[in-house]
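For reference, the structure is listed below as C-alpha cells.
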Amino acid sequence: MKTLTLPKIISDGMVIQRRKRIHIWGWDEPGAQVEVRLDNLSSKGTTDENGRFDIFLSARESGGPYELVVSDDKGKEITVKDVMIGLVWLVTGQSNIELPIARVKDRYPALTQIEDNPAIRTFKIVEDTDFHGPCKELKTGAWSHVSAETIMDFSATGYFFAAYLQKITGQTVGFINASLGGSKISSWMSKEMLSGYDELISEGDKYADDVFRESQINKNEIAEKLWREKLDKQDRGLSENWMAEDLDERSFKEMDIPVMFKDTELSGMSGSVWFRKSFDLPKALAGKSARLFLGTMVDRDQVYVNGKLVGSTEYQYPPRKYDIPEGLTREKDNHVVIRLCIEHGLGRITPGKEYKIFNDEAQVRLDGKWYYKVAARCKEIPEHDFINWHPMGLYNAMTAPLHNFPIDGVIWYQGESNTFEPWDYEDLSKRMIAGYRQMWGEENLPYILAQLPNFVIDIEPVDDPWPTFRLTQARLLDDPMVGVTVNMDLGEDNDLHPTGKRRVGKRLALWAAHMKYGYTGEYTGPTPTSAKIVDSGHFKGTTIEVALSHADGLIARDIGKGPEIKDFEVIDNKGNITPADAEILNGKLLIKTSLKADKISKVRYLVKYTYSGAMLYNSANLPMGPFEIPIEK
C-alpha cells in the first residue's frame, strides 16, 4: 500500500522559483485527498488512479524561510523545512560544470573557511542513466546551503555563478546540478529532441536492453581488471622494489621532467615506467608535514617518498597533490619515486605545471633532471564503453524528472566531448533548447552557455576542430534568449579542466542578470557587428575597420603572451587564410593586410586553439570572443 511521498527535490532546504506558479506533486493511495500549505497559501487535490497528485499554489515573491506542509486524509503529514522562494537555475553539462570546489580549493583557499550562507543553495543529482524512457522521479538528490562543511562538494562554476547572481539580485539562489564528465550533448536530450538522428537514437535504444547493458558493464570491469593485473605481474619495478630508497640507479636513464613522451624514446609506449629523483630539504621543510605537487600525468600513478606510498591517482585528469606526513623526510638524500602506468601510448608528465614539495615556510622545486626506467611494455588497455555517455540516458534519469519543477533558466557548459563528433552541434543545440523550453512550458526560457576556453595539449596538432567549434557555439546567439560567455582567457593550454572558475561563473551570472533581472551594466565583451574596407591603397595594402558593440574602453591587454595583437586573420576569395596586423586607433579596431581589397572575403579573430598575443577587452574587463565575419562590399 502506498503512503504519502514527495519527490526528492521537494525536500528540506529547497528553493522555489519566485513569480511562477508553485507546483507540488507526489504520491499516495489512489483517491486520497491531499492538502498543501505554504505560509498563507493552501490548496487541495485528489490522487489519480496511479496514486499521483499535482497541486498548484499561486506564484509568490521571494521570501522565507517557510515550512511546506503536505498532508492527506489518512492522517499522514510531511513537513518540508527551511523552504526559500528565490531564483532557481539548472546547471548542466560535462566535467567543467561538474568539477567541484574540492578540485580548485588551492586556488581559492578562503572557501575552506567560508561562513554559512543560506542564500546560496544547490541540489546535486548523482550520476544516473535510464535508457527505457523518461523517469518520473530522481533516484538521488538533496538540497544543501553553503557552509564550510558542504562547499567542497559544490560545483565550482555553479557556486560562483550563484554567488555573483545572488550579489547582483539580492535574492536567494538555488542551482540544480545535473552533470557528468565526458558526457555528450545527445546524452542530455530526449528521443523526441533527437528525432531524425536515427543513428543516435539506435545507439541509445541498444542500451535499453538490460542484459546487453549489464554485459557491457561486466566486460568493462573484467577487461580492465585483467589488463592491470597482467601489467602488475610483468612490472619489474613492483617485483624488484624500485620504490626502495637504496635502489641502485645505474641502469636508469636521465630525463628532464616535465616532458611529453612523444618527444622521447617512450613515444607510443603503453605499460609502466618508473621515475626517481633525489633531493635535499631546508630545515623549514625537513621532517615537517608538507604538500607534494606533481602536475598532471597520463595515465595512472603511484607516488612514493622515501619508500612510503604517499598518494595515487587512477586516471589522467586530476592534479597530483599529495600530503607528506610529519617525520617522513629529512634534510639530506630524500627520494621521490613515481610509478606511471600508460594505457593508450600517450604518456606525459605535463609541461607547464608545478612540481614541488612545500609548506608555509619553504619549498623545493622538483622539475629538472630525473632518472627513469621502463618496467613493462604491453598492448593498450581495451577500449572502455562509457555507458552513461550514450544518447538519452542522462536526460531520462537526471533531467526529465525536473520538468515539473519551475526554473528561471539553464546554464550549459559542455562541448569538449562533441568537438570531434560528426553530428551537427548547432542543430542539436537548437533542438535541445527548444525541447527544454517545451518541457518546462516556457518558450523564452533563458539558455546561457559557456563557450569552450583555450586548450592545446590534448588536441593540437590532431585535427580536432575546437577553434571552429567555438564559432558554432557563438552562432546560437541568433536566439535573443541565448547567451554565450567567452572564456578564451580563462582556460589552461595544458589542462582540460582549468581551475579558474570564478570568472567563468561571474560571466554566466552577468548574462543571467541581463536577461532576467534588469541588470543594466555591461554583460558581454566587444562584439563585431560588421567589417568594411576603409583604405585600399595600391602600395600599402588594405585596411579593414571592424565595427563593434559593447566596446567602451576597448583595450588590448597582455595576459601572459605579450602586448601585441596577433590573432587576426583574413580569408581570401579562394579560402586561403593569411595573418593580419591589428591596432586600436581612437577607439576603432583596424585590421591591416597586404592583400588587395577585392581579394578579401572575410576577417576573423582568435579562431585558434589558444591566444598567441594580447586579447581585446572592454572597460568591464570582458573579452572579445572568436568570430568570423564577411567583408561588406
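The values are calculated or read from the model by the stated rules, or taken from the named source; none is laboratory data. Everything numeric here is computed off the predicted structure, so don't read it as measured data. Cβ atoms come from the backbone with ideal geometry, glycine included; neighbour counts cover every protein chain shown. These accessible areas exclude ligands, DNA and RNA; they are computed on the full protein's heavy atoms, side chains included. Shrake-Rupley method; radii C 1.70, N 1.55, O 1.52, S 1.80 Å.
Search segment 1-22 for residues being polar (S, T, N, Q) and crowded, with 18+ Cβ neighbours inside 10 Å, and hand back the single one that is nearest to Tyr66 (Cα to Cα).
Ser11
When restricted to residues that are surrounded by 24 or more Cβ atoms within 10 Å (Cβ to Cβ) and either charged (D, E, K, R) or farther than 20 Å from Leu402 by Cα (or both), segment 162-182 contains 1.
Does Glu443 qualify as being without any contact (Cβ under 8 Å) to a residue 60 or more places away in the chain and assigned to a loop (DSSP other than H, G, I, E, B)?
yes
Candidates are the residues of segment 140-161 that are part of a loop (DSSP other than H, G, I, E, B) and more than 18 Å from Val88 (Cα to Cα); the one that is most open to solvent (accessible area, probe 1.4 Å) is Glu149. A single member of Lys516, Lys608 is among the charged types (D, E, K, R) and either modelled with pLDDT under 95 or under 30 Å from Asp495 (Cα atoms) (or both), and it is Lys608.
Yes or no, residue by residue, for (1) small (Gly, Ala, Ser); (2) within 25 Å of the chain's Cα centre (by Cα):
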site: Ile577; (1), (2): no, no
site: Lys592; (1), (2): no, no
site: Ala597; (1), (2): yes, no
site: Met615; (1), (2): no, yes
site: Asn621; (1), (2): no, yes
site: Ile631; (1), (2): no, no
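Can you tell me how many residues within segment 107-139 are closer than 19 Å to Gly182 by Cβ and open to solvent by 70 Å² or more (accessible area, probe 1.4 Å)? So the count comes out to 2. When Ala284 is tested against (1) out of contact with any strand residue (DSSP E or B) (no Cβ under 8 Å at 6 or more places or on another chain); (2) within 27 Å of Asp248 (Cα to Cα), only condition (2) is not met.
Residues being buried (at least 20 other Cβ atoms within 10 Å of the Cβ), closer than 15 Å to Val273 by Cβ and not small (Gly, Ala, Ser) are entirely absent from segment 351-368.
Listed by position, the strands (runs of 3 or more DSSP E) enclosed by segment 239-337 that each have at least 2 residues that are touching a residue at least 24 places away in the same chain (Cβ under 8 Å) are 253-257, 271-279, 290-294, 300-305, 321-324.
Would you pick out the residues in segment 282-305 that are more than 17 Å from Arg320 (Cα to Cα) and open to solvent by less than 10 Å² (accessible area, probe 1.4 Å)? Hit for segment 282-305 is Leu285, nothing else.
For the condition closer than 30 Å to Asp130 by Cβ, open to solvent by 30 Å² or more (accessible area, probe 1.4 Å), charged (D, E, K, R) and assigned to a helix (DSSP H, G or I), Glu229 does not qualify.
Being without any contact (Cβ under 8 Å) to a residue 40 or more places away in the chain and out of contact with any helix residue (DSSP H, G or I) (no Cβ under 8 Å at 6 or more places or on another chain), is that true of even one residue in segment 398-407? No: zero hits.
Could you go through segment 270-277 and let me know if any residue there is aliphatic (A, V, I, L, M), open to solvent by less than 20 Å² (accessible area, probe 1.4 Å) and over 24 Å from Asp360 (Cβ atoms).
Taking every residue of segment 270-277 in turn, at least one turns out to be aliphatic (A, V, I, L, M), open to solvent by less than 20 Å² (accessible area, probe 1.4 Å) and over 24 Å from Asp360 (Cβ atoms).
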